[in-house]
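One structure is given here, and the rest of the page talks about it.
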Amino acid sequence: MKTNRWHIILTLVAAIAVLITHPSQTNPAFPVGEAGFTDVQNHWAQPCIKELADRQIITGYSDNTFRPNNPITRAEFAALVNQAFPRVQPTRRRQNFVDIPTDFWAYDAISLASQKGFLSGYIGSVFNPLVNIPRVQALVAISNGLGFKPQQLSPEQLGDVFIDSATIPDYAKEAIAAATENWLVVNYPNVRQLQPNRPATRADVATFICQAITNFDESALVPAQYIARISVDDQPFAKMPLTTPETQAVTESEPAETPSSPADISLNKPAETSSEPPQKIPDSPPTESQVFQPPAQALPPQEPINKTIEFDNLLAEFDFNPRPSPKFRLKMTRRGEVVLDDNIPEDILNNLISSNLDTIRVLDVRTIDLNGDREPELIVDLQSGGYYSLIYHYRPLAKQYGIIPKSWGIWHYDLTEITDDGLPRFVGYDYRFAREFNLQSQSQVPLTIWEYRAGQFQNVTANYPEFVTLHLDRIWRDIEQRHRQNQDVRGVIAAYMANQYSLGQGELGWRKVRSLFEDRNISDLLADVTRFLQDTGYIEQ
């Protein structure tokens, strides 16, 4: 019997929802559970969604909608973890994340979720609160935070349950096996397709949590045909204790300092380089008229950093002293010879970062072979309002290191191995669309893929049509939902067409857009979208 199994559910703020972290924060104009959501009738997850609303675990939007297909951010996930599982005890020391201002609405929730072992940072002390959490990270966080361990299903046997098991990141396989044993994994519409790297939807997470908090002998809240199982007649294996032992060691929900791991293939990370200064994350749950706010300065103080890294024949020694003014020094020893021993040039920092350099923070320093030439690059990741990187690459003819600066916008980049060639790509989203059209989620803006080759960044989005097409499908579902609800579709249509043009499929995209509106005159909409795509370089003028 499944008794009191707890689960993680990231609820509803990223897509402009109101997330309950305490009853006092509930929107008084739309009390939880008072009325049914207007957009979940006959939805496959309707019983579960209603149950969680009745229990005041989740709430919806002010227009009485739940928007079950919208994604959920890591910040929302953290807040909901604490709401759904209040009896899980902290097992870690408090960690200060450099991208979470103390006045951010989910600051306390993120800190507590981290202490409880549900969530970790991406790299170093970066949390990425506005990044949509993928299904695999949500399930791993649940398994790890609740201390689940596989008892009968080994990671090597996941292929017997999921047809796409090869796409499960290595770090996640044990936790996914444990979650499967305990009937926590819900896959719609194909129970054998996990889709681990797809952003978790509100319906996904609702069903995860329903599987965790309801007893096996209670009325079914999730259709049985969508619950992943080892076999048809198996039973949930584990029983959750009412409290988590304080001495229990809880592993991290995703690697904290391995951003090149496949764990980060979530399509939910970096933003396109922007000439405008990045803006901060909201101080309170965002509303439809308030998505991004002016920069915040309430960040925890950074301590000096002294880091030594060895990679094959390279020894890198990095020193950073933030006070009284930021000072960086880097020493690079290659094959026993000191090739570089100098401060990071201030003119490069001034040209890269538009804000005051006194606010600059070091997020991470690491080495990685970005282009397969067996000559490792060194990456210095910085934050000052937005995210930035300095990439040091060796120039053999000059026998010295060059520096390539890169701005990422408000979201930190992610290194992802999209192909099997072993070389990482930078996966991100074009933040300019979020700023122009007030879009909240990365799943609503164009996907961009970058390679570092021959000392420069190249936009290679067009080289990965299958990867981009999955993203286009998500944007199109958002367009259809907004169209049905008579909401503004200009921003998401612009994003959709941008990625269609990235693939050289502009006319195909326009035909699909026109078919949605049938005989309506949308010439003004098309003109606005075309103009913006020209301004942003997706369409040649």
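The values are calculated or read from the model by the stated rules, or taken from the named source; none is laboratory data. For clarity, every value in this text was computed on a predicted model and none was experimentally measured. Don't worry about glycine lacking a Cβ; one is built from the backbone with ideal geometry, like all the others, and counts go over all protein chains shown.
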- Note on the structure: Here the residues within region 60-76 that are touching a helix residue (DSSP H, G or I) at 6+ places or on another chain (Cβ under 8 Å), under 15 Å from Ala203 (Cβ atoms) and of a type outside the set (D, E, K, R) are Gly60, Phe66, Pro68, Asn69, Asn70, Pro71, Ile72
- Message: Residue pairs, Cβ under 8 Å, 6 or more apart or interchain, first in region 466-485 and under 16 Å from Ser515 (Cβ atoms), second in a helix (DSSP H, G or I) and among the aromatic types (Phe, Trp, Tyr). List them.
- Response: Leu472/Tyr496; Ile475/Tyr496; Trp476/Tyr496; Ile479/Tyr496; His483/Phe517
- Query: What number of residues in region 439-465 are touching a helix residue (DSSP H, G or I) at 6+ places or on another chain (Cβ under 7 Å) and either without any contact (Cβ under 8 Å) to a residue 24 or more places away in the chain or on the phi > 0 side of the Ramachandran plot (or both)?
  - Reply: 0
- Message: I'm told Phe97 meets every condition in (1) assigned to a helix (DSSP H, G or I); (2) within 24 Å of Ser389 (Cβ to Cβ) except one. Can you identify the failing condition by its number?
- Response: (1)
- Task: Consider Pro68 carefully, then state whether it is assigned by TED's automatic domain parsing to the domain that holds Thr214, outside any helix (DSSP H, G or I) and touching a His at 6+ places or on another chain (Cβ under 7 Å).
- Result: yes
- Just one of the numbered conditions (1) over 30 Å from Pro345 (Cβ atoms); (2) at pLDDT 90 or above is not true of Gln485; which one? (2)
- Note on the structure: Counting only strands (runs of 3 or more DSSP E) entirely within region 370-465, those with at least 1 residues that are surrounded by fewer than 16 Cβ atoms within 10 Å (Cβ to Cβ) are 386-395, 400-409, 447-453, 456-459
- Message: Residues to consider are Tyr401, Tyr394; find the one that is of a type in the set (Phe, Trp, Tyr) and under 16 Å from Phe457 (Cα atoms).
- Response: Tyr394
- Name every residue in region 38-75 that is touching a residue at least 40 places away in the same chain (Cβ under 8 Å) and among the small types (Gly, Ala, Ser), in order of residue number. Ala45, Gly60, Ser62, Ala75
- Message: All but one of (1) part of a loop (DSSP other than H, G, I, E, B); (2) farther than 15 Å from Ile142 by Cα; (3) at pLDDT 90 or above hold for Ala109; state the number of the condition that does not hold.
- Response: (1)
- Task: Could you please give the count of residues in region 421-472 that are under 19 Å from the mean Cα position of the chain (by Cα), β-branched (Val, Ile, Thr) and closer than 20 Å to Asp373 by Cα?
- Result: 0
- Kindly indicate whether Ala138 is of a type in the set (A, V, I, L, M), without any contact (Cβ under 8 Å) to a residue 40 or more places away in the chain, within 24 Å of Ala220 (Cα to Cα) and not in a loop (DSSP other than H, G, I, E, B). no
- Restricting attention to region 170-178, does a residue exist that is buried (at least 23 other Cβ atoms within 10 Å of the Cβ) and outside any helix (DSSP H, G or I)? no
- Can you name every residue in region 307-323 that is surrounded by 14 or more Cβ atoms within 10 Å (Cβ to Cβ) and either outside the structural domain of Ser384 (by TED's automatic domain parsing) or of a type outside the set (D, E, K, R) (or both)? Ile309, Phe311, Leu314, Leu315, Ala316, Phe318, Phe320, Asn321, Pro322
- Message: Can you say whether Tyr413 is under 24 Å from Glu540 (Cα atoms), modelled with pLDDT under 90, within 21 Å of the chain's Cα centre (by Cα) and not acidic (Asp, Glu), as far as the supplied structure shows?
- Response: no
- Query: Is it true that some residue in region 152-161 is in a helix (DSSP H, G or I), closer than 13 Å to Thr180 by Cα and of a type in the set (S, T, N, Q)?
  - Reply: yes
- Determine if region 53-61 includes at least one residue that is surrounded by 20 or more Cβ atoms within 10 Å (Cβ to Cβ), assigned to a helix (DSSP H, G or I) and assigned by TED's automatic domain parsing to the domain that holds Ser120. yes
- Message: Checking the condition basic (Lys, Arg) and under 25 Å from Tyr122 (Cβ atoms), which residue from Arg425, Arg514 passes?
- Response: Arg425
- Task: Could you please find all residues in region 324-368 being part of a loop (DSSP other than H, G, I, E, B), surrounded by 13 or more Cβ atoms within 10 Å (Cβ to Cβ) and in contact with a Leu (Cβ under 8 Å, 6 or more places away or on another chain)?
- Result: Pro326, Ile344, Ile353, Ile360
